[in-house]
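Participant: Dropping the structure in here first, questions after.
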Amino acid sequence: MKKLFQIVSVLVVMLFSVCIASSSIASAAPADTGQTFNLTFAHVVSATHPKGMAAARFAELVEERSGGRITINVFPDSQLGTDQQITEQMMLDVIHFNAPLHSTIVSIIPEFELFDLPYLFYSEEQAYAALHGTLGERFNEFLAARNLVGLGYWTGGFKQLTNNVRPIHSVEDLSGLQMRVSQSPMLISQFRAINAGGISIAFAELYTALSTGIADGQENPLSNIVTRRFYEVQSYVTISNHGFFVYPFFMSAGTYNQLPESLRQVIHDVAAEVASFQWELNAATEQEYLDHLYESGVVSINYFTPEAMQGFRAATQVTYDEFAQSPNGVELLEILRRYID
């Protein structure tokens, strides 16, 4: 896995530089007058989360390699709003960097609902290759149309299920539960198809919703389950791997267009390096998070069998049908099949 990240990261620098150069949002780089830039990176997770650590590393390396000409102030833990609010401010060039969960920005870029389809990927290698290949290129075009410059794709890993009612051994066990999902209509449809609620609650409000019983359970990668302490107010964890978290990493085009070519290259070089770092870190910490759950003694943990995975996928086929009927849906599914068939 690490070797794949290292090989692809070299290609990513070339790929994203070419894509930006040909994009309608990128203007010719201005003359280098020695100007300095004080920028903002906002996100919603904790500073100790793999995404939070990657954001800090990106800021540190950019300042170092730009010779101090670019400083980036990082605001974690939803200090500047939800992912959607942060992205909307980026489109106005108020905030400059974010790597939001894909599901939280589907009201801005509906095509990101692709990544909400159940069992879309079966390995991190598949996901990495697709996101840093043709599929990632296509999504950079969707970002460009919203005045955003794609810099790469980070990961939260595979989603797992937690709840307070019963262990989940099959899709049928989810029936009747009120499961929280993020803001994606596709996820709401997915869980309603299996009679499991599909209620939307902001990430910053989720711990309270679980602790007060507003929601019976939720879906998240282990990194969020542990760093946000959701497991403290849940009784059961099911390792289902039923979905995948994608964090598109991007920058406001207005600020990007103010940068001279030398500083643009710093941004792209560091972004490619940090993408590899973030994927490796997320993979390395997965087992640590799982060990933490076992050691906590707070939750009962079980695993989906292959048959349970197939049952979940079959029960939620309607979401694939819905996505195929959406704008660009067929095209994106065809691109995806190159990486998973």
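The values are calculated or read from the model by the stated rules, or taken from the named source; none is laboratory data. What you see is a predicted model, and the numbers here were worked out from it, not measured in a lab. Here Cβ is always computed from backbone atoms with ideal geometry, including for glycine, and neighbour counts include all displayed protein chains.
Participant: Counting only residues that are more than 24 Å from the chain's Cα centre (by Cα) and over 19 Å from Leu117 (Cβ atoms), how many does region 292-325 have?
Facilitator: The qualifying residues number 11.
Participant: Which of (1) closer than 16 Å to Val270 by Cα; (2) assigned to a helix (DSSP H, G or I); (3) at pLDDT 95 or above does Phe16 not meet, given it meets every other one?
Facilitator: Here Phe16 clears every test but (3).
Participant: May I pose another question? Has region 215-230 got at least one residue that is surrounded by fewer than 18 Cβ atoms within 10 Å (Cβ to Cβ), more than 21 Å from Phe112 (Cα to Cα) and in contact (Cβ under 8 Å) with a residue 24 or more places away in the chain?
Facilitator: No, region 215-230 contains no residue that is surrounded by fewer than 18 Cβ atoms within 10 Å (Cβ to Cβ), more than 21 Å from Phe112 (Cα to Cα) and in contact (Cβ under 8 Å) with a residue 24 or more places away in the chain.
Participant: Restricting to region 158-188, what's the tally of residues that are within 20 Å of Gln310 (Cβ to Cβ) and small (Gly, Ala, Ser)?
Facilitator: The total comes to 2.
Participant: Now for a different question. Residue under question is Tyr153, and the condition is that it be of a type in the set (Ser, Thr, Tyr), in contact with a Gly (Cβ under 8 Å, 6 or more places away or on another chain) and more than 20 Å from Ala271 (Cβ to Cβ); does it hold?
Facilitator: no
Participant: Something else now. What are the pairs with Cβ atoms under 6 angstrom where one residue, in region 131-159, is part of a helix (DSSP H, G or I) and the other, located anywhere, is of a type in the set (Phe, Trp, Tyr)? Sequence gap at least six, or different chains.
Facilitator: Filtered contacts from region 131-159: Leu131/Tyr153; Gly136/Tyr153; Leu143/Phe250.
Participant: Next up: Checking the condition in contact with a Lys or Arg (Cβ under 7 Å, 6 or more places away or on another chain) and modelled with pLDDT under 95, which residue from Ala99, Ala29 passes?
Facilitator: Only one candidate passes the filter, namely Ala29.
Participant: Can you name the residue in region 101-130 that is in a helix (DSSP H, G or I) and of a type in the set (Phe, Trp, Tyr) and is also nearest to Tyr320 (Cα to Cα) among such residues?
Facilitator: Phe115
Participant: Here's another thing I want to ask about it. Just to verify a result, which residue in region 231-269, among those that are over 22 Å from the mean Cα position of the chain (by Cα) and in the same structural domain as Gln310 (by TED's automatic domain parsing), is surrounded by the most Cβ atoms within 10 Å (Cβ to Cβ)?
Facilitator: Checking each candidate, the answer is Gln234.
Participant: Could you identify the single residue in Phe158, Phe142 that is of a type in the set (Phe, Trp, Tyr) and farther than 21 Å from Val45 by Cα?
Facilitator: Criteria check complete, one pass: Phe142.
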